[in-house]
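What follows is a set of notes on a single structure, which appears directly below.
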Amino acid sequence: MQAVEFARKLASKLFFQHVLDEILFEDGNHLYRFLDDDPIVASQCHNIPRGIITVKPKSMTEIASRLRLMSYAMFEAYASEDGRHVDYRSIHGSEEFARYLRIVETLQRVEVWDLSREEKLAFFINLYNMMTIHAILVWGHPAGALERRKLFGEFKYVIGASTYSLSAIQNGILRGNQRPPYNLMKLFGAKDKRSKVALPYPEPLIHFVLVCGTRSGPALRCYSPGDIDKELMDAARNFLRSGGVLIDSTAKVAYASKILKWFSVDFGKNEAEILKHVSNYLDPADSQVLLDLLASSELKVIYQPYDWGLNC
């Protein structure tokens, strides 16, 4: 009985788990495996270069704070002032990046499900943006749609004994487990432990802060739990007022970022609702023009070409 209790304690600390992730630990004919024996962890996860860390993990709050400070230092040193250009070549091999890698190694056995909404938003946004940089440095900038799908779906970290791809963070956690664009299935099934970490509903403003290494994406910034809602609104204003939505009142046309098309369900049920949502973040004059055109039912929306080139 003591052996069973000891094994349950190890399992609760995320050293190993049931192969089907159905039970914690029970005596009997059940199969378990250590975290670093999981084939997905071993082959696809990039924050376990030296195996599973056996020391007691730091608190999630402390790790998130360290990640935030390191991200801020890296962006200050290697991103342009407006956050639109990243010096990937200098990041690679830098001391800051080496320290970042040591920080994300400590995520393997953390307890992430107890974070507040604000903590989850700040942590996963910062992690997504740094993880994207990591993925590009390891795999290179994806040249086409298939390579992009691989980078966002197969480059993973272990966080709290579960594996997270960039897509899982964006669509599973931050979008409240919504289907990714052009996909039929949600990423997390009913029994998936990661669904407990997911936000209860999509946060549409994340699309103005998640940086996937492209020229048409948002500016690279660091986010904090204490100010996350203000920071999200500021990022939305910055993106939408800097070309994310352009209005030609004479032609009665709104030129909108493709992001608003791909993730339209997060902003509204139809195009009018989406643009009304967006109008909250435009300059007041542009917002009024947009609302007037919507009211007249004469507005045409054209989605801008998306530049997938690297934001270097």
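Just so it is clear, none of the values below were taken in a lab; they were calculated from the coordinates. What you see is a predicted model; the values in this text were computed from it and never measured. Virtual Cβ from ideal backbone geometry, glycine too; neighbours counted across all protein chains shown.
Remarks
- Antiparallel bridge percentage (DSSP; both residues within the chain; nearest 5): 70 percent
- Cα-based equivalent ellipsoid of segment 126-276: semi-axis lengths in Å, sorted from largest, via gyration tensor: 26, 18, 16
- Loop-located chymotrypsin sites (Phe, Trp or Tyr not before Pro) in segment 182-238 (DSSP state other than H, G, I, E, B) with a sparse environment of at most 14 neighbouring Cβ atoms within 10 Å: TYR182.
- Among VAL278, PRO181, PRO218 the positive-end extreme of the charge dipole of the chain (Cβ point charges): PRO181
- The chain: calculated mean residue ellipticity at 222 nm from DSSP helix runs of at least 4, using -39500 (n - 2.57): -12000 deg cm²/dmol
- Cβ-defined net charge surrounding GLU298, 14 Å radius [Lys, Arg +1; Asp, Glu -1]: -1
- The orientation-averaged shadow of the Cα convex hull for segment 235-303, equal to a quarter of the hull surface, comes to 4.1 nm².
- PRO202 sits among other residues whose Cβ lies under 10 Å from its own Cβ, and their net charge, with Lys and Arg +1 and Asp and Glu -1, is -1.
- Using a Förster distance of 22 Å, the FRET efficiency for LEU137-ILE302 (Cβ separation, nearest 0.05): 0.05
- Computed over the Cα atoms of segment 40-228, pair by distinct pair, the Kirkwood hydrodynamic radius stands at 16.7 angstrom.
- Radius of gyration over Kirkwood radius for segment 75-168, both on Cα atoms: the Rg/Rh ratio is 0.97.
- The Cβ shell under 10 Å around TYR78 holds other residues with a net charge of -2, Lys and Arg each +1, Asp and Glu each -1.
- Cα-based reach from LYS300 at 19 Å (exclusive), listing lysines while leaving out same-chain residues under 8 positions away: LYS252, LYS258, LYS261, LYS269, LYS276
- From least to most packed, judged by other beta carbons within 10 angstrom and beginning with the fewest, ARG84, ARG194 follow the order ARG84, ARG194.
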